[in-house]
1. Hey, could you check segment 188-203 for residues that are farther than 20 Å from residue 28 by Cα and among the hydrophobic types (A, V, I, L, M, F, W, C) and say which is farthest from the chain's Cα centre (by Cα)?
2. Tell me which of these residue 92 doesn't satisfy, since it passes every other one: (1) of a type outside the set (A, V, I, L, M, F, W, C); (2) part of a loop (DSSP other than H, G, I, E, B); (3) under 30 Å from residue 239 (Cβ atoms).
3. Restricting to segment 197-248, and then to whatever is in a helix (DSSP H, G or I) and of a type in the set (Ser, Thr, Tyr), can you tell me which residue is modelled with the highest pLDDT?
4. Mind listing just one residue for me: the one in segment 19-44 that is within 20 Å of residue 235 (Cβ to Cβ) and either hydroxyl-bearing (Ser, Thr, Tyr) or part of a loop (DSSP other than H, G, I, E, B) (or both) and, of those, modelled with the lowest pLDDT?
5. Testing residue 117 on (1) over 30 Å from residue 410 (Cα atoms); (2) free of Cβ contacts under 8 Å to residues at least 24 places away in the same chain; (3) loosely packed, with under 14 Cβ neighbours inside 10 Å, one condition comes back false. Which one is that?
6. Would you check if there is a residue in segment 341-351 being in contact with a His (Cβ under 7 Å, 6 or more places away or on another chain), farther than 22 Å from residue 468 by Cα and not in a strand (DSSP E or B)?
7. Take residue 47 and decide whether it is in a loop (DSSP other than H, G, I, E, B) and either of a type in the set (Val, Ile, Thr) or under 30 Å from residue 145 (Cα atoms) (or both).
8. Mind checking which residues of segment 150-171 are touching a helix residue (DSSP H, G or I) at 6+ places or on another chain (Cβ under 7 Å), surrounded by 23 or more Cβ atoms within 10 Å (Cβ to Cβ) and not in a strand (DSSP E or B)?
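The values are calculated or read from the model by the stated rules, or taken from the named source; none is laboratory data. Predicted, not measured: the structure shown is a model, and the values here were computed from it. Here Cβ is always computed from backbone atoms with ideal geometry, including for glycine, and neighbour counts include all displayed protein chains.
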Amino acid sequence: MAEKRPIVVMKAITVEFPGVKALDGVDLKLYPGEVHALMGENGAGKSTLIKALTGVYKISSGSITMDNKECMLTGTLDAQNAGIATVYQEVNLCSNLSVGENVMLGHEIHGPLGIDWKKTHKEAEKYLAQVGLETIDTHTTLDSISIARQQLVAIARAMVINAKVLILDEPTSSLDKNEVQDLFAIMRRVRDSGVAILFVSHFLEQVYEITDRMTILRNGKFIKEVMTKDTPRDELIGMMIGKSSQELSEISAKKEHTSSIDDSAPLVTAKGIGKKGSVYPSNLEIHKGEVVGFAGLLGSGRTELARLLFGADKADEGNFTLEGNALTINNPHTALSHGIAYSTENRRDEGIIADLTVRENILIALQSIRGMFHPIPKKEADEIVDRYINILNIRPADPNKLIKNLSGGNQQKVLIARWLAAHPKLLILDEPTRGIDIGAKAEIQQTVLELADQGLGVIFISSEMDEVVRLSDEIEILKDTHQIAHLHNDGTLSQETIVQTIAKTAIDSNNLADTQKEGAENGSGK
């Protein structure tokens, strides 16, 4: 059997910017009929390598060949003409145009009087059928369909240019489980047609499910190319972050239960707290030093409940106490002034203030508490900022750098620093590790455990149930905006238990609401 030949060979690719070598002699080979994962932490060089392959960045040295012919990629049009198509995490199409117009943009069918729209839409139907969208109306505007379908439209557009290489950059980050499986089915169909697919994702489960081969980068350098099926996960993670298996096990180690939990009296008690149309009445009890996990599928009500506790949304029923004192939380400022902090899941739009520096982003909550007429003295501000940059290992360690120029993982660390600087009693972390690299994820997980050891109450929300199990002392299970179960994590609990609880619990809204209200009258949800 003849040895498979790569369709793309990137050899010793170096990309330099003033004072920075973003890529240093990186190799990449893409094979037809394979899904190839590009793996590495944020800052490893994945995006830079993709931009070199798509003509966005000019390479300083090295070579790129397709079909054994050297390519001079001076722009994105060169890459497209060579048969390279890219589908980004945020779909880069025209939302105000129709589905058919997006598919055929630049490739419309012309007649004697200009564009023949009837034939153009008919042609679009052919390509949409290739990605499982044969039933969609091509005249539908793009912004009226789901993100998952928009990504399939983008893939259909790639088929129009007869792509030999399809790059999928974090395509699953906004998709639910069923949508991911639908996308994977299309990826397999495209792969089997002979297209080489380059897949970038932070989700290891997905990488192992869909890819054939992986290339690992670290700090802008090529580490290794491996076959996915032959590479244990701990070995992969070790190559990505440059740590041994022993170091990884220490980072991922779960804390001993009850080691720091103060059982004398609850820090927070919520009884029957809810909001009509948002989340049904729920009961919570959180102690100092305790990590309480919120687990559930997309739309379960995890975030909605967290927002009620912080006052981002106002509860219209239920009672809330902090350290035994009744408290009405109508807005985030009230919550923050009483020591309740909330790190949102929407880091980009609701968390960071992109055009401010790292320093300003860290100090803004504390300054809000003290008020505009009581500015934080410079010496104190410097000590606070330096302390949390060091504690959380924020990189680069430059407080005057704009936060928008940091990686996602370091932006998340800055947000955690912001809330820690405000000295909270209860810290609510909503998806703090979503979309960040494995090294930063491990560091944030370790930070959560250390904060609990210091006596902080923590609510930890994550879509990754194994992460919830590993970090949480108690777990609240939510489903379809109902609190359906409370699980004590005694060390034998598994994510399978959570999944089974969600799957087996049938919801009768009236009966469950009555049961929760009755429980609220008699005690907590525990």
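1. The extreme case among them is 190.
2. Among (1) of a type outside the set (A, V, I, L, M, F, W, C); (2) part of a loop (DSSP other than H, G, I, E, B); (3) under 30 Å from residue 239 (Cβ atoms), the lone unmet condition for residue 92 is (3).
3. For segment 197-248, the residue satisfying everything is 228.
4. Within segment 19-44, the match that is modelled with the lowest pLDDT is 41.
5. Status for residue 117: all satisfied but (3).
6. no
7. It is false that residue 47 is in a loop (DSSP other than H, G, I, E, B) and either of a type in the set (Val, Ile, Thr) or under 30 Å from residue 145 (Cα atoms) (or both).
8. Just the residues of segment 150-171 that are touching a helix residue (DSSP H, G or I) at 6+ places or on another chain (Cβ under 7 Å), to begin with: 150-153, 155-157, 159-161, 166-167, 169, 171.
Right, trim to surrounded by 23 or more Cβ atoms within 10 Å (Cβ to Cβ) and you get 151-153, 155-157, 166-167, 171.
Within segment 150-171, 151, 152, 153, 155, 156, 157, 171 meet the criteria.
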